[in-house]
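The values are calculated or read from the model by the stated rules, or taken from the named source; none is laboratory data. All values reported here derive from a predicted model rather than from experimental measurement. Here the Cβ is made from the backbone with ideal geometry for all residues, glycine too, and neighbour counts use every protein chain on show. SASA here: full protein model, heavy atoms, side chains in, ligands and nucleic acids out. Shrake-Rupley method; radii C 1.70, N 1.55, O 1.52, S 1.80 Å.
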Amino acid sequence: VTVPEPGGVPGIDVTTPNMARIYDCWLGGKDNFPADREVGEKMAARWPGLPRMARDNRAFVVAAVARAAGIGGIAQFADLGAGLPAHPAVHEAARSVIPSARVAYVDNDPVVVLHARALLAKGEGLAAVSADLTDPDAVLSDPCLHRVIDLGRPVGVILGAVLHFYAAEKAQAIVAGYAERVAPGSWVIASVAHMADQRVADSLGQIYTPAGTFHNHSADDLARILRGAGRSPGRPGRTLYLARMGGLKILPPGIQCARRWIAGIAEALPGTGGYMLTAVAEKR
Ligand SMILES: C[S@@+](CC[C@H](N)C(=O)[O-])C[C@H]1O[C@@H](n2cnc3c(N)ncnc32)[C@H](O)[C@@H]1O
């Protein structure tokens, strides 16, 4: 079905629920349709904390980008699985620290890429790239991306709320694919949704049909994903990983839930509830 209702975009099916638009519902955005709201609301009925998790995730991405610019001196970002425009956007966060910062927004959803082209790519130093983030070679050789990203300099590689769509081994290969190709001094900024109760994760996964499979990664999983192949360094339940790992070093405050990461607090993770697991790692 194409353009079935006002506000639709030619060629875009708004009757099938869509991952980016469901997330937009939880953020209180306007770029969603009844089919998206139905799934988003059904999921939020199962776990009422989902809209809060989405907001926490955005706050983490924005804070991590500002920290990458301010502490890491990073002036260019590749936002992989960027989603629909949110405020503040990644370029706004980066430019609050480095006014000339450049951002490539990458997504494989035509709805997202259209929005990004219309709203963002008008400005200098911004690009909207249509690509599959699971193919680091294709993303990093895309000519649109190269207009704003110089791979000879450190890049902030953002993987916000996307790695939970992939099993840990696949997610690890994705991160490694970017980590290998970016310059030393680059940061990987990553978040995944985590449910302490696997039964809640399973039932949410069943409703979240546009996402394919939801993988309920633990802090140990995220540590492995970021550090590359090998054994987890911590005892089960430990949440702070600062050891140098496979070329990527997880920076303080380690792997934390979003709010504690933003506040710079290193503590044991909550054993109950649902939250965003967040981390930033630097390529040495
Ligand atoms: C939950 S939203 C996250 C948005 C944003 N990264 C954030 O953290 O606020 C997930 C986004 O990832 C995109 N996505 C999922 N799989 C992808 C893939 N293989 N390649 C590119 N984008 C993908 C979806 O289209 C959607 O826009």
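Quick notes on this one:
- Centroid-to-centroid, using Cα positions, region 12-63 and region 85-143 are 20 Å apart.
- What the phi angles of region 53-70 give under the Karplus curve with 6.51, -1.76 and 1.60, with θ = phi - 60°, is a coupling list of 4, 5, 5, 4, 5, 4, 4, 5, 4, 5, 5, 5, 5, 5, 5, 4, 6, x Hz, glycine and proline written as x.
- Across region 93-102, coupling constants 3J(HN,Hα) worked out from phi with the 6.51/-1.76/1.60 Karplus curve, θ = phi - 60°, read 5, 5, 6, 5, 10, 10, x, 9, 4, 10 Hz, and Gly and Pro carry x.
- Cα gyration tensor of region 49-97 - equivalent ellipsoid semi-axes, whole Å, descending: 20, 11, 9
- Heavy-atom accessible area per residue - the chain, 1.4 Å, Å²: 43 Å²
- DSSP bridge orientation in the chain - percent antiparallel, rounded to nearest 5: 45 percent
- Over region 68-224, relative contact order from alpha-carbon pairs under 8 Å, at least 6 apart, %: 22 percent
- Taking every DSSP helix (H) stretch of at least 4 residues in the chain, weighting each as -39,500 (n - 2.57) and dividing the sum by the residue count yields a mean residue ellipticity at 222 nm of -11000 deg cm²/dmol.
- Cα-centred dipole magnitude for the chain, charges only on beta-carbon of K, R (+1) and D, E (-1), debye, nearest 20: 1020 debye
- Choice from 197, 107, 36 with maximal GNM fluctuation in the chain (Cα, 10 Å cutoff): 197
- Cβ-based net charge around residue 206, under 14 Å, with every Lys or Arg adding one and every Asp or Glu removing one: +2
- Distant-in-sequence amide contacts of residue 251, defined by a placed amide H-H separation under 5 Å and a gap of 5 or more residues or a different chain, comprise 280, 281, 282.
- In nm, spacing of pseudo-spin labels at residue 96 and residue 38 (7 Å Cα→C-beta vector): 3.8 nm
- Within the listed set 156, 81, 205, the Gaussian network model of the chain (springs between alpha-carbon atoms below 10 Å) gives the highest mean-square fluctuation for 205.
- Value of Rg to Rh for the chain (Rh from inverse mean 1/r over Cα pairs, i.e. Kirkwood): 0.94
- Nitroxide proxy distance, nm - points 7 Å out along Cα→Cβ at residue 206 and residue 118: 3.7 nm
- GNM result for the chain, Cα springs below 10 Å: residue of 91, 146, 164 fluctuating most strongly: 146
- Derived scalar couplings ³J(HN,Hα) [region 147-153; Karplus, 6.51 cos²θ - 1.76 cosθ + 1.60; whole Hz; x for Gly, Pro]: 5, 10, 10, 9, 6, x, 10
- FRET efficiency, residue 265 to residue 168 (Cβ-Cβ, R0 22 Å, nearest 0.05): 0.30
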